[in-house]
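Comments concern the structure below.
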Amino acid sequence: MVPLVRAAQRAGHEVVITTGPDLAPQASGLGVATAAAGPTAAESYASLPDNVMISRMPASEQSQFAAKYLFGTAGAVRARDLTLLWSTLRPDLVVHDPFELGAAAVAVKAGTPHVTHGYGPMLAENDDMIAVIGSALADTFGVDPAQSVFAAPYLDICPTVMRTRDRMSWRDVRSLRPSAGESADGSVAEAIAALPHPQTVYFTLGTVMNQTPQVFRAVLDAADQLAVNIVMSTGPGFDPAAIGPLSVSAISYAYVPQADVLPHCSAVVSHAGAGTMLGALCYGLPQLCLPQSTDQPLNAASLVATGAAVALQPDETTTATVAAALHAVVHDPAFREAAARLRHAIEAMPHADRVLADLTA
């Protein structure tokens with residue numbers, strides 16, 4: 001959502017970000033007024049019945065369970081917190097993600113215009129999740145915003161070619177150019193320049209499904225076999241010592257702005273989280289997707305269908321399979337050409353300034 005935030009700042013609007021208390025410091029770091037609302041991620045997971053781990057449930061049950069007990073419950077808490085904020089802030093427009101319906105419920109109750117900001121491919125599975133979240137909010141907050149959400153604008157940050165469905169539940173879909181994020185101090189470029197091999201690959205498993213040291217190890221060993229550099233982001237709550245030693249051609253960070261890494265890379269290996277996947281496409285980079293859970297397999301499938309990626313499922317991920325797939329992604333020009341087509345499609349999408357101007361006209 002940062003491009004839209006920056007567009008609002010450039011247009012002279014007052015911007016307030018509301019998010020969980022654990023993410024409020026990061027949001028505040030953008031130089032934007034921030035208000036904490038709702039539970040932390042840890043509190044949300046702790047509230048699940050019997051402390052269930054969603055990633056260990058059958059895939060067919062994960063979405064509905066998460067919708068009701070994770071997004072629905074947290075949304076109701078957030079809606080109650082935001083009700084207090086509304087009384088003083090009185091926003092003119094609310095922008096929320098597809099599953100953050102607490103803000104949408106308060107907006108509906110207050111008569112405030114709201115729009116949904118997509119975060120990745122628009123998946124058919126999302127419709128049922130939104131219906132379940134809306135029902136949970138009706139039970140706990142007294143407002144079901146689902147129908148209002150589907151009637152309001154949806155900002156789609158994926159190129160049209162990546163859409164996996166023909167019919168949209170949203171009746172007003174508007175394209176919005178995605179972003180790879182914002183740069184930091186440029187120190188990563190100096191570290192990459194000191195690596196020994198001509199080609200560099202960015203590797204991450206994101207910030208949630210990153211507790212798999214065997215996957216990190218398989219990719220590192222495969223890169224060593226191929227004589228490619230690796231810039232690795234392990235994410236929070238992960239002990240890098242669990243991976244073992246790194247070769248001289250690998251750098252590890254707990255977090256690194258991908259906008260500082262991607263310009264220096266030939267390819268990306270990731271969990272197929274939407275932010276990483278679309279950020280890489282902003283630079284026309286082919287990808288090896290190693291989806292772990294949640295929406296990642298569906299994201300990977302939408303990218304593989306374009307010809308810009310190869311995907312390996314968790315039970316297929318070994319050093320040998322990663323080496324073969326990564327060699328293809330790095331050296332087969334067909335993958336680079338497909339990724340370049342997606343980059344061109346992204347560059348043709350409307351910039352956030354234009355989209356915001358239409359929303360506030």
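The values are calculated or read from the model by the stated rules, or taken from the named source; none is laboratory data. This structure is a prediction, so every number in the text was calculated from the model and none was measured. Neighbour counts run over all protein chains shown; Cβ positions are idealised from the backbone, glycine included. Keep in mind that these areas ignore ligands, DNA and RNA; they rest on the heavy atoms of the full protein, side chains included. Shrake-Rupley method; radii C 1.70, N 1.55, O 1.52, S 1.80 Å.
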In this structure, is Arg171 more than 24 Å from Pro314 (Cβ to Cβ), charged (D, E, K, R), at pLDDT 95 or above and open to solvent by 70 Å² or more (accessible area, probe 1.4 Å)? no
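Tell me the residue from Gly142, Gly206 that is crowded, with 16+ Cβ neighbours inside 10 Å, out of contact with any Cys (no Cβ under 7 Å at 6 or more places or on another chain) and either part of a loop (DSSP other than H, G, I, E, B) or touching a residue at least 40 places away in the same chain (Cβ under 8 Å) (or both), please.
Sole residue among the options that is crowded, with 16+ Cβ neighbours inside 10 Å, out of contact with any Cys (no Cβ under 7 Å at 6 or more places or on another chain) and either part of a loop (DSSP other than H, G, I, E, B) or touching a residue at least 40 places away in the same chain (Cβ under 8 Å) (or both): Gly206.
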Test Arg10 against the stated conditions and say whether it is among the basic types (Lys, Arg) and over 23 Å from Ala274 (Cβ atoms). yes
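Which members of region 253-281 meet the condition of being assigned to a strand (DSSP E or B) and either of a type in the set (A, V, I, L, M) or under 13 Å from Val201 (Cβ atoms) (or both)? Before you say what the answer is, go through the steps one by one.
Of the residues in region 253-281, the ones assigned to a strand (DSSP E or B) are 253, 267-270.
Matches in region 253-281: Ala267, Val268, Val269, Ser270.
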Restricting attention to region 334-352, and to residues there that are open to solvent by 60 Å² or more (accessible area, probe 1.4 Å) and assigned to a helix (DSSP H, G or I), which single residue is nearest to Arg217 (Cα to Cα)? Arg336
So which residues in region 31-58 are farther than 20 Å from Leu137 by Cβ and in contact (Cβ under 8 Å) with a residue 60 or more places away in the chain? Ser55
Within region 281-333, residues open to solvent by 10 Å² or more (accessible area, probe 1.4 Å), within 18 Å of Glu125 (Cβ to Cβ) and among the hydrophobic types (A, V, I, L, M, F, W, C) come out as Leu298, Ala301, Val304, Ala305, Ala311
Inter-residue pairs, beta-carbon under 9 Å, first β-branched (Val, Ile, Thr) and in region 82-95, second in a loop (DSSP other than H, G, I, E, B) and modelled with pLDDT of 90 or more, 6+ apart: Thr83/Phe141; Val94/Thr112; Val94/Pro113; Val95/Met1
With the checklist (1) farther than 22 Å from Ala259 by Cα; (2) in a loop (DSSP other than H, G, I, E, B); (3) modelled with pLDDT of 95 or more in hand, flag the one item His327 doesn't pass. (2)
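Could you check region 184-203 and list, in sequence order, the residues that are closer than 25 Å to Leu278 by Cβ and either hydrophobic (A, V, I, L, M, F, W, C) or open to solvent by less than 50 Å² (accessible area, probe 1.4 Å) (or both)?
Just the residues of region 184-203 that are closer than 25 Å to Leu278 by Cβ, to begin with: 184-189, 191-192, 199-203.
Passing the criteria: Ala184, Gly186, Val188, Ala189, Ala191, Ile192, Thr200, Val201, Tyr202, Phe203.
Mind checking which helices (runs of 4 or more DSSP H) fall wholly inside region 1-48 and carry at least 2 residues that are buried (at least 17 other Cβ atoms within 10 Å of the Cβ) and touching a strand residue (DSSP E or B) at 6+ places or on another chain (Cβ under 8 Å)?
On the way: elements: 2-10, 24-28, 41-46.
Passing ranges, in order: 2-10, 24-28.
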Of the residues in region 83-125, those that are part of a helix (DSSP H, G or I), open to solvent by less than 50 Å² (accessible area, probe 1.4 Å) and at pLDDT 95 or above come to Leu101, Gly102, Ala103, Ala104, Ala105, Val106, Ala107
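Among residues belonging to region 126-139 that are open to solvent by less than 20 Å² (accessible area, probe 1.4 Å) and more than 17 Å from Ala151 (Cβ to Cβ), point out the one that is nearest to the chain's Cα centre (by Cα). Give the steps one after another, and end with the answer.
From region 126-139, those open to solvent by less than 20 Å² (accessible area, probe 1.4 Å) are 126, 129-130, 133-134, 136-137; that's our starting set.
Still in the list and also more than 17 Å from Ala151 (Cβ to Cβ): 129, 136.
Details: Met129: 17, Ala136: 24 Å.
Per the criteria, the residue is Met129.
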For region 216-242, which residues satisfy the criterion of being open to solvent by 10 Å² or more (accessible area, probe 1.4 Å), among the hydrophobic types (A, V, I, L, M, F, W, C) and touching a residue at least 12 places away in the same chain (Cβ under 8 Å)? Leu226, Ala227, Phe238, Ala242
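Answer yes or no as to whether Thr360 is crowded, with 19+ Cβ neighbours inside 10 Å and closer than 28 Å to Ala152 by Cα.
no
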Failed item in (1) open to solvent by less than 40 Å² (accessible area, probe 1.4 Å); (2) within 20 Å of the chain's Cα centre (by Cα); (3) under 28 Å from Leu226 (Cβ atoms), with Gly181 passing the rest: (1)
